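J.: The structure follows.
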Amino acid sequence: MPGLYIGSTSGYSGKNMIIMGLGLRFQKDGLNVGYMKPVGAMPLEKDGKLGDEDAFFVQDVLGLSQDPALMTPVVVTHDFKVKAFASHCGNLLGDIAAAYTTLSKDHDLTLVGGSGSMYSGKYCCTDGVSVVKALGIRTIIIDRFQKELHYDYLVVLKEALGDLLLGVVLNDIPPAFMEEVEGLIAPFLNSRGIQVLGIIPKDPLMGAIKVADLADRLGGKIISAHTKAERVVENFLIGTMQVENFMTHFRRSKNSAVIVGGDRSDVQLVALEGDCPCLVLTGNLYPNDIILTRSEVLETPIIMVREDTYSVAKKMENILSRHKLRDAIKIRQGADLVAKRLDFAAIRQGLGI
């Protein structure tokens, strides 16, 4: 039965979003959809069976119940790496192919999720390119905009995969670059035989995170307005400047957490009165009583962290770019983006379904 591998040019590019969006749409169209993730990089034991955290999550969203040993035949644990570096892995591609054959036989289409980039896992011959060739299935590559698109990488993958490359999806494109992507880059890729199957614009909600999760990821603690820890943060602003300059930037930054030193009560008060989703106070410094009181009255949580402002800002940038797709609202939004932005007719034609 047909299979479709979803890979990417780098990690955290939106593979799970595309897989869930495709799966839900094809299920809606009446197809019996299967799923596997050949190589799991996030080991998780569930009901006494070892699998991959992302794979378990995607399977639940798609309403599937499959043996973890088949769904994720290769799980990268510490012991696995020790064996891999000592060249004692065995025939991993053979194990993956056997699991795919078993899982796919009862489905109209089996979605196969990649791990990391298309060359992640090269050290043990389980990289995406090798897996796609071993399974003989077509693939869609996701290229997420991160300062620029990886068009060279896509050309290399076309050369490596040939006709097995069904097409590419350009993801997370900021509004300022949309014209260039649609008018220049997409036509270039199409001219090189790389079919652009979709261009997905940047959506602030997809990179958002709840205040409670943010506090956990930053290693901090919420010290006020605990009942509003479900508020959503889409971006962040560093409050190290003078109040007048800060106010100018703050007005343009909707739903942005404000990272500021615990001793900068002037900036803290402006941020609170401006209805920011939360304050992140650095340097392990408690705010004064006025700030704490206003925080409770305005129901704006305050997160206190030990690190300095620069370190927290770098960590925050990393969190927002790599935060996992877990909330129901994000899944619905992601599925809607995929349904609206991908060329399903071209995908079905390429798969022969």
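Coordinate-derived values only; no laboratory data. As the structure is a computational prediction, the values presented were derived from the model and not from experiment. Please note: Cβ atoms are built from the backbone with ideal geometry, for glycine as well, and neighbour counts cover all protein chains shown.
J.: Project the alpha carbons of the range 209-322 onto their principal axes and report the range along each, largest first, in whole Å.
T.: Per principal axis, max minus min of the Cα coordinates gives 32, 28, 24 Å.
J.: What is the antiparallel percent of DSSP beta bridges lying wholly in the range 209-322, to the nearest 5?
T.: 30 percent
J.: Here's another thing I want to ask about it. Tell me the Kirkwood hydrodynamic radius of the range 87-157 in angstroms, computed as one over the mean inverse distance between distinct C-alpha pairs.
T.: Details: mean 1/r = 0.0729 Å⁻¹.
About 13.7 Å, per the Kirkwood formula over Cα pairs.
J.: In whole Hz, what ³J(HN,Hα) sequence does the range 174-190 give by Karplus (6.51, -1.76, 1.60; θ = phi - 60°), x for Gly and Pro?
T.: Computed from phi, the couplings for the range 174-190 are x, x, 5, 9, 4, 4, 5, 5, 6, x, 10, 6, 4, x, 4, 4, 4 Hz.
J.: May I pose another question? For the chain, what size does the Cα cloud have along each of its three principal axes, sorted from largest down, in whole Å?
T.: That gives 65, 50, 40 Å along the principal axes, largest extent first.
J.: VAL75's amide H: which non-local residues (gap 5+, or another chain) put their own amide H closer than 5 Å, with H modeled 1.01 Å from N in plane and none for Pro or chain starts?
T.: It is GLY40, by chain and number.
J.: Order the peptides 15-26, 299-310 from the highest to the lowest mean number of other Cβ atoms within 10 Å of their residues.
T.: 15-26, 299-310
J.: Say the cut-off is 32 Å between C-alpha atoms; which of LYS49/LYS228; LYS81/LYS221; LYS37/LYS202; LYS133/LYS210; LYS105/LYS202; LYS221/LYS254 go over it?
T.: On the way: LYS49/LYS228 36 Å; LYS81/LYS221 35 Å; LYS37/LYS202 26 Å; LYS133/LYS210 40 Å; LYS105/LYS202 37 Å; LYS221/LYS254 23 Å.
Flagged as over cut-off: LYS49/LYS228; LYS81/LYS221; LYS133/LYS210; LYS105/LYS202.
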